[in-house]
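I have placed the structure first, in the form of structure tokens, so that the comments after it can refer back to it.
The values are calculated or read from the model by the stated rules, or taken from the named source; none is laboratory data. Quick caveat, the model's predicted, so the values are computed rather than measured. Cβ placement follows ideal geometry from the backbone for every residue including glycine, while neighbour counts extend to all protein chains displayed. Side chains are part of the model used for accessible areas, which takes the heavy atoms of the whole protein and leaves out ligands, DNA and RNA. Shrake-Rupley method; radii C 1.70, N 1.55, O 1.52, S 1.80 Å.
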Amino acid sequence: MACVLETPLRMSVLSEVTASSRHYVDRLFDPDPQKVLQGVIDMKNAVIGNNKQKANLIVLGAVPRLLYLLQQETSSTELKTECAVVLGSLAMGTENNVKSLLDCHIIPALLQGLLSPDLKFIEACLRCLRTIFTSPVTPEELLYTDATVIPHLMALLSRSRYTQEYVCQIFSHCCKGPDHQTVLFNHGAVQNIAHLLTSASYKVRMQALKCFLVLAFENPQVSMTLVNVLVDGELLPQIFVKMLQRDKPIEMQLTSAKCLTYMCRAGAIRTDDTCIVLKTLPCLVRMCCKERLLEERVDGAETLAYLIETDVELQRIASITDHLIAMLADYFKYPSSVSAITDIKRLDHDLKHAHELRQAAFKLYAALGANDEDIRKKIIETENMMDRVVNGLSESSIKVRLAAVRCLHSLSRSVQQLRTSFQDHAVWKPLMKVLQNAPDEILVVASSTLCNLLLEFSPSKEPILESGAIELLCSLTQSDNLALRVNGVWALMNMAFQAEQKIKADILRGLSTEQLFQLLSDSDVNVLMKTLGLLRNLLSTRPHIDQIISTHGKQIMQAVTLILEGEHNVEVKEQTLCILANIADGTTAKELIMTNDDILQKIKYYMSHSNAKLQLAAMFCVSNLIWNEEEGSQERQDKLRDIGIVDILHKLSQSSDPNLCDKAKTALQQYLA
């Protein structure tokens, strides 16, 4: 029987709850304006901090009525203001509340409210807009649909410290990407917000700072402007430097350091400027120490990684600042002891977000070790480092996996480490696992790392081959993603270098002639260069050259012809001529060139080319064809003499370029021998 009663019981509880809320909504429809106002005030007091009450009022249809009252010309300013306050309170509930408000078209109603002459009402509308726009469910574009909104918000910056705080907060949350940056910049955001950095209100200063943060990110135009802005006779970067001093609140230090970092990365401040080397970098390192809160340590490490990512000198300075490399090891031991965090809520939060620390540490290690061998060695010698990276590759969080792969990629640039630590920890195993069914952003970095593990001196090369890497890499060459195509061919090129015949045959079988042609006609020059490099590595050592040409000769010659005739740069044509020189080094393969008059004419043409690199590559072909000690050399010499090659060699033997001159003389000696 209990089962039968359950549903009606639940329904009656719900109706009780909504009934207790209904009288609030009913009062909004009272004909007496004074009672309506009192009803809204009572509703305001009832919803503060009460999410259940907020949800009930939304379900009972309070929002459309509040919006109606907010927009009615006959409503008093006090009533309109109270309606905006209640709507703001409802927006502070759950994301579903915000969705309900958006569905009722709250944003146009509030924007309309900003045209009122009454400051208190404007502030209430702005506060509510701020709450709605800072919600993740609100599309930023809603701020930009009406072109009059941004200039009006700019004008409101001069009204009060509250309008300043809320408008800056709306801008900083709704500025996502270059288009938004341009709109705000063109409407004078820099000039209108700069003076707020010296406001008496801390909140205003912070929101202004956050505005500059989003405006400057990856934006050279804004960053170059910011460098020259004067506020009370002081340049903006100097104001930012003052804001990151130790006596300022941590939030302000960190945000100022981020502003300077973004301006530096956008090219507006030099990397060797003292405000970067002596102020910004040390401040970000300070944020990484264990005394800081989890989110400060994450933000500090990630910003520092971004600052030093492309600059070797900054990487070196960071690596020796405050024992940073050892300090980052603590990121993996967090929280180390429960007793260290007395606040249970804080502990619960940190346990849920501990993976963000690991992600940040991997990112910063990757940036630190990007170029310098000594730094990489220090990183790898940090306690359990390789185990941590290997564990990171199989974490559930995709962001941690990506950061761990980036870190591994950075460390894999070290010849020494490839031979030692990478082998000791069999890093290739988890890496191959990552390469199965990973999203593209992880595949790109993982395949780049694999390219390094397949270099000829890497002990991992053999086991990787045995684990089915050829098939995997051949499939990458067919990807729509350019970076994956490049990495797929690059890894195959490394794999083919000084490889045995079986591996080369497996690569050709895995790729198929059709796919090889696809790659040779790829619109991207990197793909083309790596494919030519792969062909060159496949066509090395005579038995291999003869074997591959006997099966794929016709197609390879066809591709070579197309490239030499096409509109390609010098490097591409040089690689192609080097492939021809390799074919000319084969025993039976060279006949393929000798019986192809078109190719011979092309070799002759490139011997007289204006570019010395192409001349030299063409001469390598000739030298390999006419070499005396090989069978049939006399006939080949005669044929090349008949088409005018010897005349060109005589000319080149007088060349001012010592390489060309020596090569031509060596070739002519074959005729004299």
> Does any residue of the range 260-271 turn out to be modelled with pLDDT of 95 or more, surrounded by 17 or more Cβ atoms within 10 Å (Cβ to Cβ), under 26 Å from H355 (Cβ atoms) and touching a Gly at 6+ places or on another chain (Cβ under 8 Å)?
Replying inline: no
>> Given (1) without any contact (Cβ under 8 Å) to a residue 40 or more places away in the chain; (2) of a type in the set (A, V, I, L, M, F, W, C); (3) farther than 19 Å from S412 by Cα, identify the lone condition not met by L532.
In response: (1)
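Going residue by residue through the range 210-219, is there one that turns out to be part of a loop (DSSP other than H, G, I, E, B), among the charged types (D, E, K, R) and closer than 25 Å to R265 by Cα? Outline the logic, then answer.
Restricting attention to the range 210-219, the residues satisfying the condition of being part of a loop (DSSP other than H, G, I, E, B) are 217-219.
Filter once more, keeping what is among the charged types (D, E, K, R): 218.
Among the residues that remain, those that are also closer than 25 Å to R265 by Cα are: 218.
Looking for residues that are part of a loop (DSSP other than H, G, I, E, B), among the charged types (D, E, K, R) and closer than 25 Å to R265 by Cα, one finds at least one in the range 210-219, hence yes.
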> Can you find a residue in the range 644-661 that is among the aliphatic types (A, V, I, L, M) and under 20 Å from L592 (Cβ atoms)?
Replying inline: yes
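Regarding G553, is this residue touching a Lys or Arg at 6+ places or on another chain (Cβ under 8 Å) and surrounded by 15 or more Cβ atoms within 10 Å (Cβ to Cβ)? Walk me through it before giving the result.
Values: touching a Lys or Arg at 6+ places or on another chain (Cβ under 8 Å): no; surrounded by 15 or more Cβ atoms within 10 Å (Cβ to Cβ): yes.
It is false that G553 is touching a Lys or Arg at 6+ places or on another chain (Cβ under 8 Å) and surrounded by 15 or more Cβ atoms within 10 Å (Cβ to Cβ).
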>> What pairs come out if I take residues in the range 296-325 that are closer than 19 Å to R358 by Cα and pair them with residues that are among the aromatic types (F, W, Y) and buried (at least 19 other Cβ atoms within 10 Å of the Cβ) whose C-beta lies under 8 Å away, six or more apart or interchain?
In response: R297/Y331; A301/Y331; I325/Y365
>> I need the full set of residues from the range 620-644 which are touching a residue at least 40 places away in the same chain (Cβ under 8 Å), open to solvent by less than 20 Å² (accessible area, probe 1.4 Å) and closer than 13 Å to Q670 by Cα, in order please.
In response: V622, S623, L625, I626, R636, L640
> Which condition does G586 not pass, out of (1) part of a helix (DSSP H, G or I); (2) buried (at least 21 other Cβ atoms within 10 Å of the Cβ), if it passes all the others?
Replying inline: (1)
>> Given the criterion outside any helix (DSSP H, G or I) and open to solvent by less than 10 Å² (accessible area, probe 1.4 Å), identify the matching residue among T138, T163, T145.
In response: T138
>> Being under 17 Å from the mean Cα position of the chain (by Cα), buried (at least 18 other Cβ atoms within 10 Å of the Cβ) and hydroxyl-bearing (S, T, Y) is the filter here; which residues of the range 295-328 pass it?
In response: T303, Y306
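Considering Q191, Q238, which residue is open to solvent by 10 Å² or more (accessible area, probe 1.4 Å), under 19 Å from C275 (Cα atoms) and either among the aromatic types (F, W, Y) or out of contact with any helix residue (DSSP H, G or I) (no Cβ under 7 Å at 6 or more places or on another chain) (or both)?
Working: Q191 fails: under 19 Å from C275 (Cα atoms).
Exactly one residue qualifies, and that residue is Q238.
Kindly state which helices (runs of 4 or more DSSP H) lie completely within the range 443-542 and contain at least 1 residues that are open to solvent by 10 Å² or more (accessible area, probe 1.4 Å) and at pLDDT below 90. Working first, answer last.
On the way: elements: 461-466, 469-476, 482-496, 501-520, 525-538.
Output list reads 461-466, 501-520.
How about the range 589-599: which of its residues are touching a helix residue (DSSP H, G or I) at 6+ places or on another chain (Cβ under 7 Å) and not in a loop (DSSP other than H, G, I, E, B)?
Of the residues in the range 589-599, the ones touching a helix residue (DSSP H, G or I) at 6+ places or on another chain (Cβ under 7 Å) are 589-590, 592-594, 596, 598-599.
Of everything in the range 589-599, those that are touching a helix residue (DSSP H, G or I) at 6+ places or on another chain (Cβ under 7 Å) and not in a loop (DSSP other than H, G, I, E, B) turn out to be K590, L592, I593, M594, D598, I599.
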